[in-house]
There are 2 protein chains.
Amino acid sequence: MKPINIGLIGWGTVGSGVVKILLEDQALIQKKLERRLILKRIADLDLESPRPIQVDSSILTTNAEDIIKDPEIEIIIELMGGLEPARTFILKAIAAGKHVVTANKALLATHGQEIFKAAKEQGVEILFEASVGGCIPVIRTLKEDLPANHINHFFGILNGTANFILTKMSAEGVDFDQALAEAQAKGFAEADPTFDVDGIDTAHKLAILVSLAYGHELELDKIYVEGISQLALLDIQFAAEFGYVVKLLAISSSNESQIEARVHPALLPRDHVLAGVNGSFNAIFFNGHNVGDILLYGQGSGMMPTASAVASDIIDLARSISKGALRRVPSLAWREIGQDGMELKPMEETITTYYFRFSVLDRPSVLSKISGILGEHKISISAVIQKGREVKGAVPIVMMTHEAKEANVQKALSEINQLDMVRDKTVLIRVEDRF
Amino acid sequence: MKPINIGLIGWGTVGSGVVKILLEDQALIQKKLERRLILKRIADLDLESPRPIQVDSSILTTNAEDIIKDPEIEIIIELMGGLEPARTFILKAIAAGKHVVTANKALLATHGQEIFKAAKEQGVEILFEASVGGCIPVIRTLKEDLPANHINHFFGILNGTANFILTKMSAEGVDFDQALAEAQAKGFAEADPTFDVDGIDTAHKLAILVSLAYGHELELDKIYVEGISQLALLDIQFAAEFGYVVKLLAISSSNESQIEARVHPALLPRDHVLAGVNGSFNAIFFNGHNVGDILLYGQGSGMMPTASAVASDIIDLARSISKGALRRVPSLAWREIGQDGMELKPMEETITTYYFRFSVLDRPSVLSKISGILGEHKISISAVIQKGREVKGAVPIVMMTHEAKEANVQKALSEINQLDMVRDKTVLIRVEDRF
């Protein structure tokens, strides 16, 4: 059978990994695939920077249109990232009847609806295994392994940079700024780490997972997102005293009418399977009504792990092209998206348990005053640590609560923060203790 | 489109779970699938025992041939287990042009070659996601997520009964017999637990994984298999003192010419991701040359988790049937099996680290004598515990070694066991410390 021609748009780190696999692992791939894969063209604005793998310069171009318009190219790999011009290139590629493989979570979370609709109308495939969890087979698991499950809830550590920083803070007792600086020095964090540490990247991935798990498209700006840049080392240390670790989590659950979707730092019990996911590793934990609990764990980023996931999509496509079996599985696994009748649960209605740290003047009445206000808002306390450590002239009181409603918690903390004896804004970290 | 008719052979625990999904989760499945699934016939010799889900008695038969010969049935699910008549039924089903879904690891490990060859010749599919790791998507991960990876090594906890017993021994300090009795009382172990505790079930699963990972078919009786029934509580406790837990592992690795494949109890470092896999959970850890480390974790057995994996195969098949895309992926992912030129590495050539427990008379010369013999066989010691606890008149000396060769270890222990001062046969447990 004749080979399948591939064009790559975006020759960065992951792109270089894909080139490496297509050139160096061809013999292995040929043992699994009837048709040969040929990397016919690479487009990138920067063709001068050194790359880890050399390619014949005749296949290089600075013009992505050279790939999109090439009638011999059947699969286009988009690895440039960002919204534009990636969106335009992908839509043009689809219009030209090409299949698309992408790792672009920002784009899919923002313009997924438009792109998936275009692909359906053109009868082409769009695969995106590398967009969430790097090499971890999370997309294919949702599409093909759990189709007969209602996903009760799932939560995951989906950003390697944030997890590297939290692991470092926890293991070495350094504060956020120092951990970030080390992550940057080691190449685990970008010069501008906003997307990673502010939870935006995690929210993109959560939006994609929600669409796969529930057939529901979230408006990205309605997801509650809180990052880790405000997280104090002190709270990581107090959490440890209560037997918890702090992780940046994407959390979702659903019942028949509502979907919960939020991104924030959370306390996880130390013996939870996700608590041991350290450094730049990612992991995701699903609870399905038939399977019960499933955990998937691996490298969420990095050149070769991410390229491996892109390669799995290329091989998946090549198998489908060879059998004339396109769109065997819908892009998001569901025949119709957005027909679920479900809505996003407002953050104020979230019910969970909480960790609070109050900064108070060391007066006899303070504990009864605070617990009184909490009680008025139906928040009951499950554990308290009050220790003499002074921080900026105040002492910390740390509490864990039983389940409470977010709206009540916000009201109570707002009242407490206005007390004279309270010196700093109260720290709130939500707890995730579903195993 | 017209519905797809399904026949089920074997109406036991997992079969009942599949019936439950096909009847109760039909609406969910229809949101993902263009064609309706109809459970047209169920065959079982025992139609009288109570089942958790009622079905119309008109679909029941005691004769599997009623299903195999039904021209309207396209998919046959074999869940009777065992070698015969399961093998004959599956071969007849394939000959009749039916697609087959099975969870029968013993059959695939023993007669896989014959069955996969027949399916290839007939152009039908045989899917078996539930045969290894219950609901954990291990088969599909190897076939579809890691095709561009050479699997350097993998190891897994693949038997829930054995893991339940080991977890109980470790957590509660009970011996094997007591833990087994409790596992049986709770339904986690069969009345005859031989397959599970002697490692045979794990070896079946290992053989299937080796064929998927390396395209190599192992002769089952050449796999080194050691179970847990001889495991003493004392060794679990000593292992804990060194920072290890004991798990029954399936272990495999390969280079270009040899495949290692063995099943035995092994010491895992306490902070290893697999060390926290407790109770009846299973997990498998892969290291691929591009992905690095991946861990998959979930329920390895049980009615609904296993049925969920069977259902994922049914839906996979229904999607392929609907698109006329049969055999899009070869049964074992490789175009040709057994063309790899690799051979099974003899157990004697295994190189790993070891835990030894010597039972010796408490004499001054004993440690130097034993370490002398070990040294003569190029086995060097990394840690020793010698404590005064008397066991049957002897004291235990426990050692951890650096890497050594199995043949040398066996020779050294054979010499040591003949010493007058050695009272009982030396205990040997291999260590798995690749993360």
(message) Go through the stretch A:181-200 and report how many residues are touching a residue at least 24 places away in the same chain (Cβ under 8 Å) and either aliphatic (A, V, I, L, M) or touching a Gly at 6+ places or on another chain (Cβ under 6 Å) (or both).
(response) 5
(request) Tell me which residues, restricted to the stretch B:307-337, are of a type in the set (Gly, Ala, Ser) and more than 21 Å from the chain's Cα centre (by Cα). (result) B:ALA318, B:SER320, B:SER322, B:GLY324, B:ALA325
(message) Being of a type outside the set (D, E, K, R) and surrounded by fewer than 15 Cβ atoms within 10 Å (Cβ to Cβ): is that true of B:LEU23 here?
(response) yes
(request) Give the residue, chosen from A:ALA93, A:ALA103, A:ALA179, A:ALA148, that is within 14 Å of chain B (Cβ to nearest Cβ) and either in contact with a strand residue (DSSP E or B) (Cβ under 9 Å, 6 or more places away or on another chain) or modelled with pLDDT of 95 or more (or both). (result) A:ALA148
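Out of B:PHE155, B:PHE128, I need the residue that is among the hydrophobic types (A, V, I, L, M, F, W, C), in contact (Cβ under 8 Å) with a residue 12 or more places away in the chain and farther than 27 Å from B:THR13 by Cα. Which one?
The match here is B:PHE155.
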(request) Look at the stretch A:417-435 and say how many of its residues are assigned to a strand (DSSP E or B) and either among the aromatic types (Phe, Trp, Tyr) or touching a Pro at 6+ places or on another chain (Cβ under 7 Å) (or both). (result) 1
(message) Condition check: outside the structural domain of B:VAL384 (by TED's automatic domain parsing) and within 27 Å of B:THR13 (Cβ to Cβ). Does B:ASP196 satisfy that?
(response) yes
(request) For the stretch B:22-36, name all the residues that are facing another protein chain (nearest Cβ under 8 Å) and not in a helix (DSSP H, G or I). (result) B:ASP25, B:LYS31, B:LYS32, B:LEU33, B:GLU34
(request) Considering each of B:ILE251, B:ILE228, B:ILE259 in turn, give the residue that is more than 11 Å from every other protein chain (Cβ to nearest Cβ), under 23 Å from the mean Cα position of the chain (by Cα), of a type outside the set (Ser, Thr, Tyr) and within 16 Å of B:THR161 (Cβ to Cβ). (result) B:ILE228
(message) For the structure I just gave you, tell me whether B:LEU361 is surrounded by 16 or more Cβ atoms within 10 Å (Cβ to Cβ) and touching a Lys or Arg at 6+ places or on another chain (Cβ under 7 Å).
(response) no
(request) Quickly run through the stretch B:284-308 and pick out the residues that are touching a residue at least 24 places away in the same chain (Cβ under 8 Å) and hydrophobic (A, V, I, L, M, F, W, C). (result) B:ILE284, B:PHE285, B:PHE286, B:VAL291, B:ILE294, B:LEU296, B:MET303, B:MET304, B:ALA307
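Report, by residue number, each residue of the stretch B:48-61 that is away from chain A (no Cβ under 14 Å) and either in contact with a Lys or Arg (Cβ under 8 Å, 6 or more places away or on another chain) or closer than 19 Å to B:GLY17 by Cα (or both).
B:GLU48, B:SER49, B:PRO50, B:ARG51, B:GLN54, B:VAL55, B:ASP56, B:SER57, B:ILE59, B:LEU60, B:THR61
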(request) Please find, among A:GLU121, A:GLU182, the residue that is under 23 Å from A:LYS98 (Cα atoms) and surrounded by fewer than 24 Cβ atoms within 10 Å (Cβ to Cβ). (result) A:GLU121
(message) Step by step: first the residues of the stretch B:328-344, then only those that are surrounded by 18 or more Cβ atoms within 10 Å (Cβ to Cβ) and facing another protein chain (nearest Cβ under 8 Å), then the one that is farthest from A:LEU317 (Cα to Cα). Which residue is that?
(response) B:TRP334
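Residues checked against (1) closer than 30 Å to B:ILE151 by Cα; (2) at pLDDT below 95; (3) aromatic (Phe, Trp, Tyr):
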residue	(1), (2), (3)
B:PRO346	yes, no, no
B:MET399	no, no, no
B:LYS411	no, no, no
B:GLU415	no, no, no
B:ASP420	no, yes, no
B:ARG434	yes, yes, no
(request) Provide a single number: the residues in the stretch A:95-141 that are over 23 Å from A:SER308 (Cα atoms), under 20 Å from the mean Cα position of the chain (by Cα) and charged (D, E, K, R). (result) 0
(request) Would you check if B:LEU45 is assigned to a loop (DSSP other than H, G, I, E, B), within 14 Å of chain A (Cβ to nearest Cβ) and of a type in the set (A, V, I, L, M)? (result) no
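Quick grid of which residues meet (1) within 18 Å of A:GLU144 (Cα to Cα); (2) charged (D, E, K, R); (3) touching a Leu at 6+ places or on another chain (Cβ under 6 Å); (4) more than 8 Å from chain B (Cβ to nearest Cβ):
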residue: A:GLY279; (1), (2), (3), (4): no, no, no, yes
residue: A:ASN287; (1), (2), (3), (4): yes, no, no, yes
residue: A:ILE294; (1), (2), (3), (4): yes, no, no, no
residue: A:ALA307; (1), (2), (3), (4): no, no, no, no
residue: A:SER312; (1), (2), (3), (4): yes, no, no, no
residue: A:ALA325; (1), (2), (3), (4): yes, no, no, no
(request) For the stretch A:314-323, name all the residues that are more than 19 Å from A:GLN122 (Cβ to Cβ), within 7 Å of chain B (Cβ to nearest Cβ) and among the polar types (S, T, N, Q). (result) none
(message) For the stretch A:140-170: of the residues being out of contact with any Gly (no Cβ under 8 Å at 6 or more places or on another chain) and of a type in the set (Ser, Thr, Tyr), which is nearest to A:ALA130 (Cα to Cα)?
(response) A:THR141
(request) Using the structure shown, decide if A:GLY302 is surrounded by fewer than 23 Cβ atoms within 10 Å (Cβ to Cβ), at positive phi and more than 7 Å from chain B (Cβ to nearest Cβ). (result) yes
(request) Would you mind telling me which numbered condition in (1) surrounded by 13 or more Cβ atoms within 10 Å (Cβ to Cβ); (2) touching a helix residue (DSSP H, G or I) at 6+ places or on another chain (Cβ under 9 Å) B:VAL366 fails? (result) (2)
(request) Output the number of residues of the stretch A:289-310 satisfying the condition of being within 14 Å of B:ILE294 (Cα to Cα), assigned to a loop (DSSP other than H, G, I, E, B) and at pLDDT 95 or above. (result) 0
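Could you please give the count of residues in the stretch A:269-283 that are surrounded by 18 or more Cβ atoms within 10 Å (Cβ to Cβ), touching a residue at least 24 places away in the same chain (Cβ under 8 Å) and under 13 Å from A:SER170 (Cα atoms)? Lay out the reasoning, then the answer.
To start, the set of residues in the stretch A:269-283 that are surrounded by 18 or more Cβ atoms within 10 Å (Cβ to Cβ) comprises A:272-278, A:280-283.
Remaining after also requiring touching a residue at least 24 places away in the same chain (Cβ under 8 Å): A:272-275, A:277-278, A:280-283.
Those still in the list that are under 13 Å from A:SER170 (Cα atoms) too: A:275, A:277-278.
Going through the stretch A:269-283 one residue at a time, the tally reaches 3.
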(message) With the structure loaded, tell me whether B:THR202 is closer than 30 Å to B:GLY292 by Cβ, of a type in the set (S, T, N, Q) and crowded, with 18+ Cβ neighbours inside 10 Å or whether it fails that test.
(response) yes
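The values are calculated or read from the model by the stated rules, or taken from the named source; none is laboratory data. Keep in mind that this is a model prediction, so the values were computed, not measured. In this analysis, Cβ positions are derived from the backbone assuming ideal geometry, glycine residues included, and neighbour counts consider all displayed protein chains.
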